[in-house]
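A.B. asks: The structure is given below, and queries will be raised subsequently.
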Amino acid sequence: QVQLVESGGGLVQPGGSLRLSCVASGLTFNYYRMSWYRQAPGKERDFVAGMNGDGRIRKYDDSVKGRFSISRDNAKNTVYLQMNNLQPEDTAVYFCKARSPGDEVYWGQGTQVTVSS
């Protein structure tokens, strides 16, 4: 059974940093495209960052370019999202997403990130 387990969310002040982790199991991890999305209360789920299986291609939403960085460690079946200079508008539930070459999609449970003074 495919499972994505996220961690690393929490409460930080503006300008602070967090690193989110997503550990995958039940899949051939290096074949999967991995990405992060976020959803604020009352808002749609929006793309944040993503990468292909070997990490050579990375994309970011304009709102996080220069502040967030996605990476993966295929030996650990883990994808990360390093978030720096966090701002209140970054407050959301952050979700890990996996997509297979056959376009099967799996989601993590989400982890809360709150940026507030």
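The values are calculated or read from the model by the stated rules, or taken from the named source; none is laboratory data. Predicted, not measured: the structure shown is a model, and the values here were computed from it. Methodologically, a virtual Cβ is constructed for each residue, glycine included, from the backbone with ideal geometry; neighbour enumeration extends over all protein chains shown. With ligands, DNA and RNA removed, areas are computed over all heavy atoms of the protein, side chains included. Shrake-Rupley method; radii C 1.70, N 1.55, O 1.52, S 1.80 Å.
A.B. asks: How high is the FRET efficiency between Gln13 and Arg67 when r is their beta carbon distance and R₀ equals 25 Å, given to the nearest 0.05?
C.D. replies: 0.95
A.B. asks: Right, another one. For the range 1-62, which semi-axes, largest first and in whole Å, follow from the square roots of 5 times the eigenvalues of its Cα gyration tensor?
C.D. replies: Working from the Cα gyration tensor, I get semi-axes of 23, 15, 13 Å.
A.B. asks: Only Cα pairs under 8 Å and at least 6 apart count here; give the relative contact order of the chain as a rounded whole percent.
C.D. replies: Contact order relative to length: 36 percent.
A.B. asks: Ranking request for peptides 52-63, 102-113: highest mean number of other beta-carbon atoms within 10 Å first, then the rest in descending order.
C.D. replies: By packing density, highest mean first, the sequence is 102-113, 52-63.
A.B. asks: Nearest 0.05, what FRET efficiency do Asp103 and Asn30 give at R0 = 22 Å with Cβ-Cβ as r?
C.D. replies: 0.85
A.B. asks: Related question: Considering only protein heavy atoms and a 1.4 Å probe, what is the carbon-and-sulfur percentage of the accessible area of the chain?
C.D. replies: Carbon with sulfur: 44 percent of the solvent-accessible area.
A.B. asks: Suppose all protein chains stay in the model; what accessible area per residue would a 1.4 Å probe give for the chain, in Å²?
C.D. replies: Here the per-residue accessible area is 54 Å².
A.B. asks: Using θ = phi - 60° and the Karplus relation 6.51 cos²θ - 1.76 cosθ + 1.60, list the HN-Hα couplings for the range 105-117 in order, rounded to whole Hz, with x at every Gly or Pro.
C.D. replies: Taking θ as phi minus 60°, the curve returns 10, 10, 10, x, 7, x, 9, 7, 10, 10, 10, 7, 7 Hz for the range 105-117.
A.B. asks: Calculate the FRET efficiency for Gln112 and Arg56 from the Cβ-Cβ distance with a Förster distance of 25 Å, rounded to the nearest 0.05.
C.D. replies: Between Gln112 and Arg56 the formula returns 0.20.
A.B. asks: Next up: How big is the dipole moment of the chain about its Cα centre under a simple scheme where the beta carbon of each Lys and Arg is +1, that of each Asp and Glu is -1, and everything else is neutral? Debye, nearest 20, please.
C.D. replies: My answer is approximately 240 debye.
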